[in-house]
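*Asks:* My structure is below; once you've seen it, I'll send some questions.
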Amino acid sequence: DQSPPLNLAITSADRLIGSIGLLPGSDSSRASAEVGYWLGEDHWGRGIATLALHKIVDHGFRILPDLNRVFAYVDEGHIASLRVLEKNGFRREGHLLGATLKRGELRNLFLYAITRHEAAAHAEEAGHQADDRLGRRSELR
């Protein structure tokens with residue numbers, strides 16, 4: 001039982017199409033949280049993941065007073081996911097060589113992150129207020 005909820009379903013017409021969540025650190029690491037997400041291929045390229053990431057980052061900063069940084073690890077070959085992060089103002093912090101195994105093959109990861117201050121500046125600059133696509137076609141639960 002999470003209170004408040006940090007793992008949310010992404011739905012469309014009451015059907016699960018993806019998921020997104022934050023995993024906050026504890027104790028001295030509580031200033032950071034890892035974000036992870038997935039979206040069914042049929043829903044790629046519609047801005048859904050980009051908007052869901054914006055909303056979960058905003059949600060995390062609103063409900064976790066000690067949170068200062070949200071980060072994500074992403075496979076260096078997953079260009080669409082890299083773009084989702086970059087569109088939300090995340091910046092590349094590192095390149096982790098041979099950091100994960102996928103289908104028995106060592107893969108490299110990029111580390112992306114955004115701070116509370118950077119997220120606020122990006123939201124103001126991007127003007128997310130008019131983008132309600134998630135509310136009309138999909139939603140977080």
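The values are calculated or read from the model by the stated rules, or taken from the named source; none is laboratory data. All values derive from a computational prediction rather than experimental measurement. Just so you know, the surface numbers come from the protein's heavy atoms only, side chains and all, with ligands and any DNA or RNA stripped out. Shrake-Rupley method; radii C 1.70, N 1.55, O 1.52, S 1.80 Å.
*Asks:* Using alpha-carbon pairs under 8 Å, 6+ residues apart, how would you state the relative contact order of the chain in percent? Numbers along the way, then the final one.
*Replies:* Numbers: 218 pairs, mean separation 34.5, N = 141.
Computed over the chain, the figure is 24 percent.
*Asks:* What number comes out for accessible area per residue over the chain if the probe is 1.4 Å? Units Å², please. Mind showing how you got there, number by number?
*Replies:* Details: 8450 Å² over 141 residues.
Computed with neighbouring chains in place, this is 60 Å² per residue.
*Asks:* Next question, about the same structure. Residue 17's amide H: which non-local residues (gap 5+, or another chain) put their own amide H closer than 5 Å, with H modeled 1.01 Å from N in plane and none for Pro or chain starts?
*Replies:* Under 5 Å from the amide H of residue 17: 10, 11, 12.
*Asks:* Give the carbon-plus-sulfur fraction of the accessible surface of the chain in %, rounded to a whole number; probe 1.4 Å, heavy atoms of protein chains only.
*Replies:* Working: 4140 of 8450 Å².
Taking all protein chains in place, the chain shows 49 percent carbon and sulfur surface.
*Asks:* Let me ask something additional. Can you give me the long-range amide H partners of residue 46? Hydrogens built in the peptide plane at 1.01 Å from N, cutoff under 5 Å, separation of 5 or more residues or another chain.
*Replies:* When sequence neighbours closer than 5 places are left aside, there are no close amide H contacts.
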